[in-house]
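Participant: One structure coming up, written as structure tokens, with questions to follow.
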Amino acid sequence: MKLLLIASECAPFIKTGGLADVIGAIPKALSEEGVEGRVLLPLYPALQQIAASGVTVAEFSDLFGGAARLVAVTAEGLDLLLLDAPHLYDRPGSIYLGRDGQDWHDNPTRFAALSHIGARIGVNGIDGWSPDIVHAHDWQAGLVPVYMRQMTNSPPPCVMTIHNIAFQGVFGADMMGSLGLDPAGFTPEGFEYYGRISFLKAGIAYSQKITTVSPTYARELMLPEFGMGLEGLLQARKSDLLGILNGIDLEVWNPQTDPVLEQTFTSRTLKRKHQNRTALERRFDLQSDPDAPLFCVISRLTEQKGLDLLLEVMPQMVERGARLALLGSGNPDLENAYKQAARQYQGRVGVVIGYDETLSHQMQAGADAILIPSRFEPCGLTQLYGLRYGTLPVVARTGGLADTVIDANDAALQSKCATGVQFAPVTAAALAQAIDRTCDLFAETDTWSAMMRNAMKHPVGWDQSAKQYLALFNGLMTA
Ligand code: ADP
């Protein structure tokens, strides 16, 4: 089976969040099932060096206002198709935002171009290669099935995966002409959304199947609290909507071999994890307290992640003797509030503002628990890394967090399957209680060690999910 994935990011080349990890992982996971996957990505400056060793497989004299070409290259075990369109992608800084922190003004064009080329490859193939299935990810690839339908009456089947419905790519209807969209599709059943164009809605409406990244989020998306305006459409497409849990790369995230750790460890050598804790305390300037847990947070600092709630409960948390190491960036108000907390609770709260992949590994290895109080969480990856590193997740009971962490309630403790702590509703009071409960569990050394071992045994790889994607794709090919 040949699979074309279309996305705006892909680890380890270009990453702003979980989407990148997943795009980097799916082709590898599916290759073990005999699937030949290729990933179409914009050629951002960060990919320039990789592209230099590639070959040009197509040229376009005018792609939305400039010349472009497609470069095929294999890197890090992934077959990439890089869309080289300097007028759209060759610019410094964030891949989505300009220096002023606002979306690039031409984002609709930039990602319509990506979708357009994805559609062309879907319909006509490239370089003697034609995909059986087209897999579009998030709003940036939402127009792929629309363009394919405009190009032919019999396009290959398209699957749309929603990684986060908060990002929908909604733009003015006046762009329809410049984006090359057929106005016939500008209807409530098509890509029209309250008088505007919605890329994500387009992807949902025109794809044969829709997936999202956990079973619970798939159910939540059909509710007004989570669907962000698209719940009606998703309810209507209920029989085509499926939640397939994300996995993680078990080689990149392996406490037994991770090269950046102070000390590697396994579930049989848990004592060695302690040296990572000591290193982390040093790195974050924390006073050591063996009797209380060291919590970590590794996150974008946004409303979604509920980290304003953690600020509220900080006094109680510190009072209990717990420590906090936070790595994150995003909302300037939250960044400042956390910097302030680090000053106020010096030695007990440590904060690094920024994005640091290496440090994120060291934190997963060194902390006792990872806090994820998200208001919604499509899947979440950091709790999966936490499980793998014996760093117990303390999570809001929502989306993929609900699907992957087994709460340490009495029944779970008795049957020895608990892997973390869940709380609901997502309020400061419930979070404070969860932190308290975690501190209590930490004090019961045997219970905590047993939970660490459970967590490290919990399957977090791609095996199951790859099979589910494969079954979905096979079903579409024989339909
Ligand atoms: P989201 O995609 O909503 O940001 P996920 O939990 O699905 O949340 O994925 C976040 C990914 O980004 C994880 O791989 C996490 O380790 C990483 N990450 C988030 N913030 C940082 C940071 N400041 N430094 C390093 N890695 C980060």
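Rule-based calculations on the coordinates, nothing more; no lab input. Note that the coordinates shown come from a computational prediction; the quantities given were computed from them, not determined experimentally. All Cβ positions, even for glycine, are placed from backbone atoms using ideal geometry, and neighbour counts span all protein chains on display.
Participant: Per residue of the chain, what 222 nm ellipticity follows from adding -39500 (n - 2.57) for every DSSP H run with n ≥ 4, rounded to the nearest 500?
Facilitator: That comes out to -11000 deg cm²/dmol.
Participant: Here is a follow-up. Kirkwood Rh, Cα Rg: Rg to Rh for the range 405-448?
Facilitator: Working: Rg = 10.5 Å, Rh = 10.8 Å.
We get a ratio of 0.98 for the range 405-448.
Participant: Moving to a separate point now. Between GLY330 and residues 5 or more places away or on another chain, which pairs have amide H atoms under 5 Å apart, with H built 1.01 Å from N, and which residues are they?
Facilitator: Hits under the 5 Å cutoff: LEU301.
Participant: Explain nothing, just the number: dipole magnitude of the chain about its Cα centre with +1 on each Lys and Arg Cβ and -1 on each Asp and Glu Cβ, in debye rounded to the nearest 20.
Facilitator: Values: 38 positive and 51 negative charges, 114 e Å.
That gives the chain a dipole magnitude of about 540 debye.
Participant: Further question: Bin by bin, in steps of 5 Å, what percent of the Cα pairs in the range 1-132 do you find, going until the bin that has the longest distance?
Facilitator: Each 5 Å bin holds this share of Cα pairs: 2, 10, 21, 24, 22, 13, 5, 2, 0.
Participant: From the phi of every residue in the range 70-77, what ³J(HN,Hα) in whole Hz does the Karplus formula 6.51 cos²θ - 1.76 cosθ + 1.60 yield, where θ is phi - 60° and glycine or proline is x?
Facilitator: Karplus values, whole Hz, x for Gly and Pro: 10, 10, 9, 7, 10, 8, 6, x.
Participant: Bins of 5 Å, beginning at zero and ending with the bin holding the largest distance: percent of Cα pairs per bin for the range 1-65, please.
Facilitator: 4, 15, 21, 23, 20, 12, 4, 1, 0
Participant: So what is the diffusion coefficient of the range 160-277 in µm² per second by Stokes-Einstein at 20 °C and 1.002 mPa s, using a Kirkwood Rh over Cα pairs?
Facilitator: Numbers: Rh = 17.1 Å.
Value of D from the Cα-based Kirkwood radius: 125 µm²/s.
Participant: Explain nothing, just the number: relative contact order of the chain, from Cα pairs under 8 Å at least 6 residues apart, as a whole percent.
Facilitator: So the answer I get is 12 percent.
Participant: Here's another thing I want to ask about it. From the phi angles alone, apply the Karplus equation (6.51, -1.76, 1.60; θ = phi - 60°) to the range 194-207 and give each ³J(HN,Hα) in whole Hz, x where the residue is Gly or Pro.
Facilitator: 6, x, 10, 9, 10, 5, 5, 4, 4, x, 5, 5, 9, 8
Participant: Pick out, from VAL123, GLY366, TYR193, the residue whose Cα sits farthest towards the positive end of the charge dipole of the chain, with +1 on the Cβ of Lys and Arg and -1 on the Cβ of Asp and Glu.
Facilitator: Comparing the listed Cα positions along the dipole, GLY366 ranks first.
Participant: Same structure again: Give me the three principal axis extents of the range 199-242 from the C-alpha atoms, as integers in angstrom, largest value leading.
Facilitator: 23, 19, 16
Participant: When the Cα centres of the range 250-320 and the range 380-436 are compared, how far apart do they sit, in Å?
Facilitator: 15 Å
Participant: Compute the signed sum of charges (Lys and Arg +1, Asp and Glu -1) over the other residues within less than 15 Å, Cβ to Cβ, of TRP129. Please list the in-between numbers first.
Facilitator: Working: positive: LYS2, ARG38, ARG120; negative: GLU36, ASP79, ASP127, ASP132.
Overall, the nearby charge balance is -1.
Participant: Counting only residues 5 or more places away or on other chains, whose amide H sits under 5 Å from the amide H of THR211 once H atoms are built in the peptide plane?
Facilitator: MET160, THR161, ILE162, LEU242
Participant: If we sort 103-112, 366-375 on the protection proxy, mean other Cβ atoms within 10 Å, highest first, what's the order? Spell out each step's value before the answer.
Facilitator: Working: 103-112: 19.8, 366-375: 25.1.
Packing order, densest peptide first, comes out as 366-375, 103-112.
Participant: Holding the Cα-Cα limit at 29 Å, pick out from LYS238/LYS416; LYS15/LYS238; LYS15/LYS201 the pairs that are longer than that. Write down the numbers at each step before the final one.
Facilitator: Values: LYS238/LYS416 36 Å; LYS15/LYS238 31 Å; LYS15/LYS201 24 Å.
Beyond 29 Å: LYS238/LYS416; LYS15/LYS238.
Participant: Also: Could you state the angle between the C-alpha long axis of helix 445-457 and the longest principal axis of the C-alpha atoms of the chain, as a value from 0 to 90 degrees rounded to the nearest 10?
Facilitator: Once rounded, one gets 20 degrees.
Participant: Where the eigenvalues come from the Cα gyration tensor of the chain, what are the semi-axes √(5λ) of the equivalent ellipsoid, largest first, in whole Å?
Facilitator: Taking √(5λ) for each eigenvalue gives 40, 22, 22 Å, largest first.
Participant: Taking only the Cα atoms of the range 416-477, how large is their convex hull per residue, in Å³?
Facilitator: 111 Å³
Participant: Output needed: percent of Cα pairs per 5 Å distance bin for the range 330-382, bins running from 0 to the one holding the longest distance.
Facilitator: 4, 15, 18, 27, 27, 7, 1
Participant: Measuring from label point to label point, each 7 Å out along Cα→Cβ, what is the ARG69 to ASP463 span in nm?
Facilitator: 4.5 nm
Participant: Sticking with this structure for a sec: State the dimensionless ratio Rg/Rh of the range 221-273 (Rg: radius of gyration of Cα atoms; Rh: Kirkwood radius).
Facilitator: Taking Rg over the Kirkwood Rh, I get 1.38.
Participant: To two decimal places, what compactness ratio does the range 245-343 give when its Cα radius of gyration is scaled by 2.2 N^0.38 Å?
Facilitator: Dividing the Cα radius of gyration by 2.2 N^0.38 Å gives 1.23.
Participant: How would you rank 186-192, 58-64, highest first, on the average number of other Cβ atoms within 10 Å across their residues?
Facilitator: Output ranking for 186-192, 58-64: 186-192, 58-64.
Participant: Would you kindly give the portion of the calculated P(r) for the range 62-166 that falls above 23 Å, as a percent of all Cα pairs?
Facilitator: Details: 1671 of 5460 pairs.
Value for the range 62-166: 31 percent of Cα pairs lie more than 23 Å apart.
Participant: I'd like the per residue volume of the convex hull spanned by the Cα atoms of the range 359-443, given in cubic angstrom.
Facilitator: 91 Å³
Participant: About the Cα centre of the range 237-374, how large is the charge dipole given +1 on each Lys and Arg Cβ and -1 on each Asp and Glu Cβ? Please answer in debye to the nearest 20.
Facilitator: Dipole of the range 237-374, to the nearest 20 debye: 300 debye.
Participant: Can you give the translational diffusion coefficient of the range 107-191 in µm²/s, computed by Stokes-Einstein from the Kirkwood radius over Cα pairs at 10 °C and 1.306 mPa s?
Facilitator: Roughly 119 µm²/s, to the nearest whole number.
Participant: Report, in degrees rounded to the nearest 10, the 0 to 90 angle that the Cα long axis of helix 107-124 makes with the longest principal axis of the chain.
Facilitator: 60 degrees
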